[in-house]
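Please read the structure below before turning to the comments.
The values are calculated or read from the model by the stated rules, or taken from the named source; none is laboratory data. Remember, it's a predicted structure, so these values are computed and weren't measured experimentally. Here the Cβ is made from the backbone with ideal geometry for all residues, glycine too, and neighbour counts use every protein chain on show. We work out accessible area using only protein heavy atoms, side chains counted, and drop any ligands, DNA or RNA first. Shrake-Rupley method; radii C 1.70, N 1.55, O 1.52, S 1.80 Å.
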Amino acid sequence: MFRLYNILLVLAAPVILAILLAKKRCRPGLRQRLGWVPGDLAEACRDGRTIWVHAVSMGEANAVVPLVRELRTRYPESRLLVSTVTETGKETVFRHLAGQARHLYFPLDFLWSVRAALRAVRPKLIVIVETELWPNFLREAAARGIPVLLVNGRLSSDSFAGYLLIRSFYRRVLSAFTLCAVQTDRDAERMIRLGVDPARVVRTGNLKYDQVAALAKTAAGQVSRRDLGVTEGEELFVAGSTHPGEEEAVVDCYRRLLDAAPSLVLVLAPRHIERAEAVCGMVRARGFEAVRRTALAGMAGALPTGPRVIILDTRGELAALYREATLVFVGGSLVPIGGHNPLEPAAWGKAVVFGPHMDHFAEVADLLVRHGGALQIRDARELAEAMGALLADRARLEQMGKVAYGLVLDNQGAVARTVALIAQVLGEEPSGSVNVKRVRGMRQAAFGSSLANNVERLTSIDGILSPLIPLSYLYGQTMRLRAALYARGAFSQRSLPCRVISVGNLTVGGTGKTPVVIALANTLSARGRRVGVISRGYRRRSTSEILEVSDGRSVRGDPEETGDEPYLIARRCPGVAVAVGADRPRVGQYLVDRYHVEMLVLDDGFQHLALRRDTDLLLLDASAPFGNGYLLPCGRLREPVSAIARASAVLLTRAGQAGRLEEIKARIRAAAPNVPIWVSDFVPSAVMKVGGEEEEHPRALKGGRVLAVSGIAQPDSFRRLLEEMGATVAGQCVFPDHHPYSLEDVQRVKLSAERLGVDRIVTTEKDAVKLAHIEELAKHQIEIWAVRIDLAWLEGREEWERVVLNG
């Protein structure tokens with residue numbers, strides 16, 4: 001098959017070269033496409049330290065920008081090379097990655113071109129973005145022993161059907177990939193059907209969620225309404241990345257909308273800006289004034305007013321312009337192109353409208369439509385109807401935008417997961433980070449150096465607590481009997497007039513319930529649900545039967561009065577009502593009556609069987625899912641492992657700190673064969689100054705010496721997090737879980753920091769809410785920083801959507 005492929009390629013060579021020469025925009029890179037690498041680049045690559053990232057065009061190049069930036073930070077000794085096929089892809093690299101990566105046009109798949117390019121570049125790793133399957137390139141890379149990683153992989157329905165026709169050939173092509181990191185479970189299934197070893201297929205999510213979020217931050221202020229000559233009283237209808245055949249439909253739609261919104265201004269952004277003058281002509285032929293964006297600067301005091309169409313004939317401004325839009329249409333979707341990126345407007349919290357042809361973004365489009373963040377219309381007539389309905393219902397328009405933005409936030413994290421895979425493929429740790437396996441080995445060698453390790457040793461069967469094993473047995477039998485009596489109706493369960501989702505543990509100690517509750521509550525709230533959270537408020541000072549922590553608008557009390565976890569949840573979940581109390585059904589009914597809650601999240605509720613729940617999410621810490629295997633009081637298990645069968649789903653947390661996931665999954669399946677198993681980790685999202693407004697990127701700790709301060713169940717997990725962020729942990733101040741900090745505690749911490757000569761004192765977000773209430777911090781010039789962590793999905797995201805979010 002390879003021989004036949006190359007014969008056909010040689011026969012087609014004259015036609016391919018003629019086409020490239022005929023297209024003006026393809027001529028500048030033709031020498032590089034034939035395998036020539038600029039001399040200075042080839043000379044620089046002789047050291048064999050180049051990471052070659054291939055992103056075919058502008059969309060893929062944009063998607064890979066956050067990944068390349070992260071690789072530059074983590075591998076400063078490596079050279080980064082980004083190749084593209086198109087000129088727009090090249091411009092994207094120059095615009096966003098200048099000084100961070102070199103650009104090269106990707107070689108045509110002729111054997112001589114591929115061999116010449118690989119011989120000159122000598123990459124230590126090749127990263128292919130999305131699914132660029134060039135058989136000769138991949139085969140030659142594999143023959144040279146170069147690891148090749150597919151990232152952000154996807155297989156459209158049409159591509160997959162074509163590959164299946166010659167599956168035996170593509171099985172050999174795909175065998176060149178060391179790992180295939182794909183966007184969705186569907187993509188993973190298709191890769192496996194094409195013959196990829198399942199052990200080499202990993203679902204990491206879509207890089208474009210990270211890309212649009214990063215772009216939205218950097219693009220703010222890049223282009224404004226004033227730049228377009230749009231006045232304060234006018235609104236924008238932005239049609240992005242449009243093609244011939246749908247631009248006419250958009251202009252006709254605009255005509256109809258002017259009856260209801262005479263101050264509306266249309267911005268047409270053709271996908272190919274060289275068509276700008278032709279688009280202007282079409283607009284004028286339909287009776288509207290048309291002005292090109294590049295002409296506005298020279299019009300000064302003669303800017304047009306009234307109904308008009310602005311043609312965006314610049315590159316790189318569309319994504320930022322979506323911020324100013326009232327209505328958004330994403331092009332390439334009314335005509336059979338395959339659609340363009342709907343996440344760009346979604347990242348600005350805009351409702352998105354697109355046509356029926358969205359195969360290039362099928363999963364994203366389906367997600368947005370399914371959750372109410374977008375509308376998919378069938379034709380030009382429905383476009384006008386949909387836009388008119390949104391203008392007439394501004395509340396719906398705003399709510400759709402909130403949902404769309406929430407989905408962008410929910411699905412970030414692919415960059416971090418991809419970088420972790422790259423480190424795995426290279427067989428080395430990123431510069432400035434700590435080798436996790438080595439750290440674990442050191443911790444095991446120094447067994448007993450921390451409170452957590454001492455507890456594990458004492459509760460082993462050979463330890464001093466072994467006489468308590470009979471008590472553990474009796475405790476286990478009691479818990480089994482209790483669960484059985486609830487199941488048979490001997491003990492009554494109370495129902496609430498809303499959907500109840502429980503998030504709970506099987507063991508005592510931290511499994512990460514709070515970040516999961518925060519992620520769940522915020523996701524539901526972003527989708528327009530009225531959400532409440534109830535907690536017992538462990539170790540709270542208040543004795544009130546029902547204590548309201550937040551009404552969704554303001555947080556009340558302080559962490560000591562309410563309990564630190566409910567207080568943190570209230571702070572992190574604006575728009576969510578939070579209350580604490582021992583009688584969970586009564587507290588839940590209070591939130592339903594007072595705030596008309598539709599969705600109730602029960603924090604730490606797996607053992608609280610008196611309240612009936614619709615979904616029971618059980619969290620297991622992948623680094624120690626069953627403690628030492630024993631029930632209380634000899635071990636950490638609250639219930640027998642068989643209780644897993646009661647769960648709607650199991651979520652493994654801290655999976656990045658575990659190396660035996662399949663063994664853990666097998667143990668879970670033995671107890672509950674039909675329970676879904678999902679995998680997650682916690683990733684740092686910011687470093688915040690305690691008691692202040694300052695916020696920094698997690699990379700701010702990289703290379704610094706820190707003192708770790710924590711009062712949590714698993715202090716070593718916080719230390720590992722700091723080390724994985726690139727910090728050197730010079731010392732650790734460990735307090736009991738839920739510790740109420742005093743000024744004396746903080747002064748002792750400050751003395752330790754001065755003695756160790758650290759750059760910063762760093763604590764957890766849960767500890768920070770208590771430390772922030774010590775008023776003397778500023779007076780005594782005690783500066784403490786906190787790490788905010790968020791939930792990151794590794795496996796099961798789509799099933800979570802179906803089972804937990806949609807019920």
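To keep it simple, each residue is scored yes or no on (1) assigned to a loop (DSSP other than H, G, I, E, B); (2) among the aromatic types (Phe, Trp, Tyr); (3) surrounded by 24 or more Cβ atoms within 10 Å (Cβ to Cβ); (4) out of contact with any Cys (no Cβ under 6 Å at 6 or more places or on another chain).
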site	(1), (2), (3), (4)
Pro356	yes, no, no, yes
Val364	no, no, yes, yes
Glu382	no, no, no, yes
Gly388	no, no, no, yes
Ala395	no, no, no, yes
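Of all residues being within 20 Å of Tyr741 (Cα to Cα) and crowded, with 22+ Cβ neighbours inside 10 Å in segment 530-548, which is farthest from the chain's Cα centre (by Cα)? Just the residue, please.
Ranking the qualifying residues of segment 530-548, first place goes to Arg540.
Pull up segment 483-505, narrow it to residues that are under 21 Å from Gly588 (Cβ atoms) and of a type in the set (Lys, Arg), then point me to the one that is most open to solvent (accessible area, probe 1.4 Å).
Arg494
Might you let me know whether segment 1-8 holds any residue that is surrounded by 15 or more Cβ atoms within 10 Å (Cβ to Cβ), outside any loop (DSSP other than H, G, I, E, B) and touching a Phe, Trp or Tyr at 6+ places or on another chain (Cβ under 9 Å)?
Taking segment 1-8 first, the residues surrounded by 15 or more Cβ atoms within 10 Å (Cβ to Cβ) are 5-6.
If we keep only those that are outside any loop (DSSP other than H, G, I, E, B) as well, we get 5-6.
The next check asks that each one be touching a Phe, Trp or Tyr at 6+ places or on another chain (Cβ under 9 Å); those that pass are 5-6.
Among the residues of segment 1-8, at least one is surrounded by 15 or more Cβ atoms within 10 Å (Cβ to Cβ), outside any loop (DSSP other than H, G, I, E, B) and touching a Phe, Trp or Tyr at 6+ places or on another chain (Cβ under 9 Å), which makes the answer yes.
Name the residue, out of Glu87, Glu60, that is within 25 Å of Ala319 (Cα to Cα), open to solvent by 40 Å² or more (accessible area, probe 1.4 Å) and acidic (Asp, Glu).
Answer to the selection: Glu87.
Looking at Gly588, Gly627, Gly605, which is the one that is part of a helix (DSSP H, G or I), in contact (Cβ under 8 Å) with a residue 60 or more places away in the chain and not charged (D, E, K, R)?
On the way: Gly627 fails: part of a helix (DSSP H, G or I); Gly605 fails: part of a helix (DSSP H, G or I).
Checking each option against the conditions leaves just Gly588.
Pick out, from segment 174-266, the strands (runs of 3 or more DSSP E) lying fully within it that include 2 or more residues that are in contact with a Gly (Cβ under 6 Å, 6 or more places away or on another chain).
Those strands (runs of 3 or more DSSP E) span 179-182, 235-242.
Looking only at residues that are among the hydroxyl-bearing types (Ser, Thr, Tyr) and part of a loop (DSSP other than H, G, I, E, B) in segment 488-506, which one is nearest to Asn628 (Cα to Cα)?
Ser492
Answer with yes or no whether Thr764 is modelled with pLDDT of 85 or more, of a type in the set (Ser, Thr, Tyr), under 27 Å from Leu506 (Cα atoms) and in contact with a helix residue (DSSP H, G or I) (Cβ under 9 Å, 6 or more places away or on another chain).
Details: modelled with pLDDT of 85 or more: yes; of a type in the set (Ser, Thr, Tyr): yes; under 27 Å from Leu506 (Cα atoms): yes; in contact with a helix residue (DSSP H, G or I) (Cβ under 9 Å, 6 or more places away or on another chain): yes.
Spelling it out, Thr764 is indeed modelled with pLDDT of 85 or more, of a type in the set (Ser, Thr, Tyr), under 27 Å from Leu506 (Cα atoms) and in contact with a helix residue (DSSP H, G or I) (Cβ under 9 Å, 6 or more places away or on another chain).
Taking segment 255-290, which residues are farther than 18 Å from Asp313 by Cα and in contact with a strand residue (DSSP E or B) (Cβ under 8 Å, 6 or more places away or on another chain)?
Leu257, Leu258, Ala261, Ser263, Leu264
On the basis of being over 31 Å from the mean Cα position of the chain (by Cα) and at positive phi, does Gly635 make the cut?
Against the criterion (over 31 Å from the mean Cα position of the chain (by Cα) and at positive phi), Gly635 does not qualify.
Please name all residue pairs, on different chains or six or more residues apart, with Cβ atoms under 6 Å, provided the first residue is in segment 184-196 and is on the phi > 0 side of the Ramachandran plot and the second residue is open to solvent by 10 Å² or more (accessible area, probe 1.4 Å).
Gly195/Arg171
With respect to Val533, is the statement that it is at pLDDT 95 or above and in contact with a strand residue (DSSP E or B) (Cβ under 9 Å, 6 or more places away or on another chain) true?
yes
May I ask you to list the residues in segment 131-155 that are open to solvent by less than 10 Å² (accessible area, probe 1.4 Å) and touching a helix residue (DSSP H, G or I) at 6+ places or on another chain (Cβ under 8 Å)?
Within segment 131-155, Pro135, Asn136, Phe137, Leu138, Ala141, Val148, Leu149, Val151, Asn152, Gly153, Leu155 meet the criteria.
Every residue in segment 657-716 that is assigned to a strand (DSSP E or B), within 22 Å of Gln781 (Cα to Cα) and touching a Gly at 6+ places or on another chain (Cβ under 9 Å), please.
Correct list: Arg705, Val706, Leu707, Ala708.
Examine segment 699-707 for a residue that is buried (at least 20 other Cβ atoms within 10 Å of the Cβ) and more than 28 Å from Ala622 (Cβ to Cβ), and state whether such a residue exists.
There is no residue in segment 699-707 that is buried (at least 20 other Cβ atoms within 10 Å of the Cβ) and more than 28 Å from Ala622 (Cβ to Cβ).
Filter segment 775-807 for residues that are surrounded by fewer than 19 Cβ atoms within 10 Å (Cβ to Cβ) and assigned to a loop (DSSP other than H, G, I, E, B); which is nearest to the chain's Cα centre (by Cα)?
Top of the filtered list is Asn806.
Can you tell me which of Ala18, Ala12, Ala63 is assigned to a helix (DSSP H, G or I) and over 29 Å from Pro270 (Cα atoms)?
Being assigned to a helix (DSSP H, G or I) and over 29 Å from Pro270 (Cα atoms) holds for just one of Ala18, Ala12, Ala63, which is Ala12.
Assess whether Val597 counts as being assigned to a loop (DSSP other than H, G, I, E, B) and surrounded by 17 or more Cβ atoms within 10 Å (Cβ to Cβ).
yes
Let's see how each residue does on (1) charged (D, E, K, R); (2) modelled with pLDDT of 95 or more; (3) open to solvent by 50 Å² or more (accessible area, probe 1.4 Å):
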residue	(1), (2), (3)
Asp583	yes, no, yes
Arg612	yes, no, yes
Phe626	no, no, no
Tyr630	no, no, yes
Ile664	no, no, no
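Arg95: on the phi < 0 side of the Ramachandran plot and open to solvent by 50 Å² or more (accessible area, probe 1.4 Å), yes or no? Spell out how you get there, then give the answer.
Details: on the phi < 0 side of the Ramachandran plot: yes; open to solvent by 50 Å² or more (accessible area, probe 1.4 Å): yes.
Yes: the conditions hold for Arg95.
Any residue in segment 548-556 that is aliphatic (A, V, I, L, M) and either within 25 Å of Pro684 (Cα to Cα) or in a helix (DSSP H, G or I) (or both)?
yes
Conditions (1) open to solvent by less than 60 Å² (accessible area, probe 1.4 Å); (2) at pLDDT 90 or above; (3) closer than 20 Å to Ala420 by Cβ, marked per residue:
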| position | (1), (2), (3) |
| --- | --- |
| Ser157 | yes, no, no |
| Ala161 | yes, no, no |
| Phe169 | yes, no, no |
| Ala176 | yes, yes, no |
| Cys180 | yes, yes, yes |
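Looking at His360, is it open to solvent by 10 Å² or more (accessible area, probe 1.4 Å) and either at pLDDT below 90 or part of a strand (DSSP E or B) (or both)?
Yes, satisfied.
Please list, ordered by residue number, the strands (runs of 3 or more DSSP E) wholly in segment 282-343 having 2 or more residues that are open to solvent by 30 Å² or more (accessible area, probe 1.4 Å) and at pLDDT below 95.
By residue number, 289-292.
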